[in-house]
Each structure stands twice: as C-alpha cells, then as structure tokens.
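Scroll down for the structure; my scribbles are underneath it.
Bear in mind these aren't lab numbers, they're just calculated from the coordinates by the rules spelled out. Fair warning: this is a prediction, and the values are worked out from it, not measured in the lab. Every residue, glycine among them, receives a Cβ derived from its backbone with ideal geometry; neighbour counts consider all protein chains shown.
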Amino acid sequence: MGLGYEDTPLLPGGKWTVHDGRRPQPPVVDPGTSSTQEAAGRPPSDATILFDGKDASKWVDRDGNPAKWKVENGCWEVVPKTGDIQTKEHFGDCQLHVELASPTVVKGEGQGRGNSGVFLMGRYEIQVLDCYQNQTYPDGTSCAMYGQYPPLVNACRKPGEWQTYDVMFVAPRFEGTRLLTPAFITVIHNGVVVQYHRQLQGPTQHKRLACYDPHDAKGPIKLQDHGDLVRYRNIWIRPLDYYVNA
C-alpha cells in the first residue's frame, strides 16, 4: 500500500491532492534545547546562527563596517553612541529567536530604562524595554509593535535576567508600488504569547502613523542602540520561504 491516495480532490492553489503521498515529506530537524538563566540553549539544526556568543562577523553597522558592540562572556552588549547594527544577510518570512537582558543596575524610568529594539527587515520594530515594574505609553512598552500594538500582557522578568523573544514573521508582498498583502507577526515573550497574528500597519515610526512604501522582499535583522547597556545572546533565525512554499 502506498503512503497516500491518488483519487482525491486537488487542493486549492497547489499541485497536490488531499492525502497525496507524493507530496514532499517534512524535513527532519533536531529541535535543539531550551535556554536557562545560566546558559544559552542549542538552536534547531536547520537554524542560521546569527550570534553564538563569540562570533560577531555576520553583523555590520549602518555603514557596512564591523559592529562595534562589546562581545564578552558569551553575550553582546550595546556600546552607546556606536549606532544600530544589522545582519549582512537579508531575510523575509522567518522564525527569529533572540535572548536579551536589560541592565542589572536600574537607571531611569519609562522609555529611559533598558531601551533597545529588534527590527524585522530593518523596518518593523519589536520594542525592547525594561518594563518590570516600569510603566510607559502602552504601544512603546516591552514587546509592543512600536507605535502600533501594545503586547497582550507584560511578561517581563526582573532587570538583569535573561529573556526570550520568539518571533514568527510573514513579510509584506508588493506588486510594483501596490501592496498585495501586509506583514503579519506573532511574538512569544518568555514563553507567553504577547502578539498574535498582528497585521502590521507599515514600518515603525516615532510619533507618526505607519504606512507602507514598496521595499525589497528581504531585509536585515537590526538591533537598536538606544543608549542603554542591553545585552544579547543566542540569536538565530529559520528562513521560512522554503517551508511555506513547499
């Protein structure tokens, strides 16, 4: 007996029938291990490692020069006034994993406390902020889609503790100057869903409404220098173009 059936209806929008045994099998992936406060976990076997605690060669500053942030003790610390950094490689649809920690010594309040940001395609910001017992405007709090959507809940850990951002991102599609489909994003913060299939209104803006302008199908992952000593570690990504289109 074969793996499936050959006398079933054709699925909409594709070349496979219902229960089609000829359809490609899902690739086998080692799922890796979880991180702890003491050590970073092991990424899935099909992930692209963007930062492993030692090698910063996959990142540059906005001018294409080597990133100037400090690599030490298995993590990467923002060096204020050296500027944002971004990956050399560009990505579209993806699963992104980032671990970060706000400064252990608490200084400032509101937006002035542990501020940074994770940008998809260099444009769409997930806010990084120390919001443990620290309030600010809701669409600028930790894990907000900055200027657009507050998180469903505040799942922040204490200052200095390692936190996880797990992001599922669907890039926007354009046809010439026309937007075909907007970007969508889901964010899991420390194991808690905080953004669920949000339809983004456009690239991140400060004090302005977001709107779409046509851009490339892929863009860099960017980390923001907002002047605070935020640390990062164990950054990896799984481009989903192949899997989604299979």
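Note on Rg and Dmax of the Cα atoms in Å: of the candidates (1) 16.5, 46; (2) 17.6, 56; (3) 19.5, 68, the value calculated from this structure sits at (3). Across segment 14-30, coupling constants 3J(HN,Hα) worked out from phi with the 6.51/-1.76/1.60 Karplus curve, θ = phi - 60°, read x, 10, 10, 8, 4, 6, 6, x, 7, 5, x, 6, x, x, 7, 10, 6 Hz, and Gly and Pro carry x. Using a cut-off of 28 Å between Cα atoms, the listed pairs 70/222; 68/218; 81/207; 70/158; 54/88; 158/218 include 158/218 as exceeding that distance. Packing order of peptides 33-46, 16-29, 124-137, highest average first: 124-137, 33-46, 16-29 (average count of other Cβ atoms within 10 Å over each peptide's residues).
Name the shape class, rounded, prolate or oblate, that the alpha-carbon gyration tensor gives for segment 11-54, where a ≥ b ≥ c are the square roots of its eigenvalues, rounded holds for a/c under 1.5, and otherwise prolate holds if a/b is larger than b/c and oblate otherwise.
The shape class here is prolate.
With a simple spin-label model that places each label point 7 Å from the Cα along the Cα-to-Cβ direction, the separation between residue 16 and residue 241 comes to 2.0 nm. Summing charges over neighbours of residue 174, with a neighbour being any other residue whose Cβ is under 12 Å away from its Cβ, gives -1 when K and R count +1 and D and E count -1.
Place the peptides 90-97, 71-78 in order of packing, highest mean first, counting for every residue the other Cβ atoms within 10 Å and averaging per peptide.
90-97, 71-78
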